[in-house]
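Presented below is the structure to which this report refers.
The values are calculated or read from the model by the stated rules, or taken from the named source; none is laboratory data. This structure is a prediction, so every number in the text was calculated from the model and none was measured. Quick reminder, even Gly has a Cβ in these numbers, built from the backbone with ideal geometry, and neighbours come from all protein chains shown. Heads up: the accessible areas ignore ligands, DNA and RNA and are worked out on the full protein's heavy atoms, side chains in. Shrake-Rupley method; radii C 1.70, N 1.55, O 1.52, S 1.80 Å.
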Amino acid sequence: MSQRKIGVTELVLRDGHQSLLATRMALEDMVDACADIDAAGYWSVECWGGATYDSCIRFLNEDPWVRLRTFRELMPNSRLQMLLRGQNLLGYRHYQDEVVDRFVIKSAENGMDVFRVFDALNDPRNLERAMRSVQQAKKVNPNVHAQGTICYTISPVHTVEGYVKTAGRLLEMGAESICLKDMAALLQPQPAYDIIRGIKEAYGEDTQLQVHCHATSGVTLVALQKAIEAGVDVVDTSISSMSLGPGHNPTESLVAMLEGTPYTTDLDYDRLLKIRDHFAKIRPKYKKFESAVLVDTDILKSQIPGGMLSNLESQLKAQGAGDKLREVMEEIPRVKADAGHPPLVTPSSQIVGTQAVFNVLMGPYKRMTAEFADLMLGYYGESLGERNPDVIKIAEQQFNKEPITARPADYLPPEWDHLKEEASKLDGFDGSEEDVLTYAMFPNVAPVFLAERAEGPKSVAMTDAQVAAEAEASGSALSGPISYKVSLGGREHTVKVELA
């Protein structure tokens, strides 16, 4: 039986630990797995972008550009992949076009190959410049690949036909492949099949398609199977020792699932086992950052990702309103609808969630966050659905700002020279364009990082000795008989319970 090869993108070096360990994994805990990852036969290896840049400088005292160059050196045979938030790059605001151009070019120069470009609102205008920059980056790295991204969500205005149309817009921008990105584990098997099949039929069987999904809802491994049956070319997984929960489906499970079918990954299974064993030893070192979520089927109805839910809990507890969580969960769909049904992904998930908290605690839109006002007024871009005109008026009144309809970045003045000048004043600035970009991404964090960079990386993981001591303490706590004193009928008895 001839088998069609399914490419696999390994996520363990980026989204795997971002989803399970709050993006805290240090480079030193990844390098020993790189040789096996490089030789396993993956289509690509996701290792940069997303929240890793922020985490490197905020928590680990690591230079993210050094991390990228290290991966390039250790995995010379692999396509390195990153997640790029369109006009937001890796920050939380829109950047002027020159900054976008410079960031993409520098990323390619430092070894990045596959740029997965997305926008939280699926607004094509927020993708155009980044996609153009990626195409230009081929001049410095001929292996560069531009991947356009569709953020998947469920709403009255999101349809299979709409996603197929969005794919066409991305192809017009020069996308060499398209990723259907399900960041909240909402993608069920039949929609996965219908969307992939629809895009293939509309734009040709040779249109390269990829599916990214999380495992939280428990249904997405089946969604991957249906996407493969529909003709998808590449799927995302994470090695089993860093998978499931709010993370992703296990790489080895995908391989096993395809046995006896017309499909194969051609991955080197012995290499996969070595990668698995490596991260099985590393993961306990980050126990304190572990997500408690295993399976959460509620998100299929609420559409609230696990990370967003835990953030809401923290906000409410800080306000002494931990008992209001259920009300906030009921408010989120209303706020999302008022904003035009944006997909709940960074930064829209935080913006919608925080406004829902405000609405519950203070009354509907009695106090609006600046970010939610900007979302309503078009400063993040256009949502697919119509925004509530009454809420738009409230945003105008509270912030004395006018709505906009043009591409948000068109309103930004040139900023590169100013960013360069400000960065040059910082202690530890080395004069490189990379340092200017670090300041541009995170101007409040970069000054501390640049000043302390020379001190070297500062891992937040437990040491091997601490992990061993904790395991020993945990085991010894129940190693002998446990004594209880029990009062019965006015008399006290001592009872010993031994382990079986």
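Side notes on the structure shown:
- Taking region 151-182 as the range and being in a loop (DSSP other than H, G, I, E, B) and without any contact (Cβ under 8 Å) to a residue 40 or more places away in the chain as the test, the residues that pass are THR159, GLU176.
- Region 382-423, residues that are β-branched (Val, Ile, Thr) and within 31 Å of the chain's Cα centre (by Cα): VAL391, ILE392, ILE404, THR405
- Residue satisfying condition, being within 18 Å of the chain's Cα centre (by Cα) and of a type outside the set (Lys, Arg), within set THR237, THR264: THR237
- If you go through region 285-319 and pick out every residue that is open to solvent by less than 70 Å² (accessible area, probe 1.4 Å) and touching a residue at least 24 places away in the same chain (Cβ under 8 Å), you end up with 20.
- Those residues of region 331-364 which are of a type outside the set (Gly, Ala, Ser), touching a helix residue (DSSP H, G or I) at 6+ places or on another chain (Cβ under 9 Å) and more than 20 Å from GLU386 (Cβ to Cβ), in sequence order: THR346, PRO347, GLN350, THR354, VAL357, PHE358, VAL360, LEU361
- Which numbered condition VAL104 fails, given (1) part of a loop (DSSP other than H, G, I, E, B); (2) without any contact (Cβ under 8 Å) to a residue 60 or more places away in the chain; (3) open to solvent by less than 10 Å² (accessible area, probe 1.4 Å): (1)
- Of the residues screened, ARG116 is not one that is basic (Lys, Arg), under 26 Å from LYS200 (Cβ atoms), in contact (Cβ under 8 Å) with a residue 24 or more places away in the chain and in a helix (DSSP H, G or I).
- Residues that are over 22 Å from GLY245 (Cα atoms), out of contact with any helix residue (DSSP H, G or I) (no Cβ under 6 Å at 6 or more places or on another chain) and of a type in the set (Lys, Arg) within region 178-203 comprise just one, LYS200.
- Subset of region 1-44 (residues that are among the hydrophobic types (A, V, I, L, M, F, W, C), touching a Pro at 6+ places or on another chain (Cβ under 8 Å), open to solvent by 10 Å² or more (accessible area, probe 1.4 Å) and not in a loop (DSSP other than H, G, I, E, B)): LEU27
- For region 199-231, the set of residues classified as over 29 Å from ASP277 (Cβ atoms) and either open to solvent by 10 Å² or more (accessible area, probe 1.4 Å) or part of a loop (DSSP other than H, G, I, E, B) (or both) consists of GLU201, ALA202, TYR203, GLY204, GLU205, ASP206, THR207, GLN208, LYS226, GLU229, GLY231, listed by residue number.
- Residue tally, condition under 30 Å from VAL335 (Cα atoms) and open to solvent by 10 Å² or more (accessible area, probe 1.4 Å), over region 122-161: 14
- Taking region 53-87 as the range and being in contact with a helix residue (DSSP H, G or I) (Cβ under 9 Å, 6 or more places away or on another chain), more than 24 Å from GLU415 (Cα to Cα), buried (at least 18 other Cβ atoms within 10 Å of the Cβ) and of a type outside the set (A, V, I, L, M) as the test, the residues that pass are SER55, CYS56, ASN61, GLU62, ARG67, THR70, PHE71, SER78, GLN81.
- Residues in region 255-270 that are at positive phi and in contact (Cβ under 8 Å) with a residue 60 or more places away in the chain: ASP266 alone.
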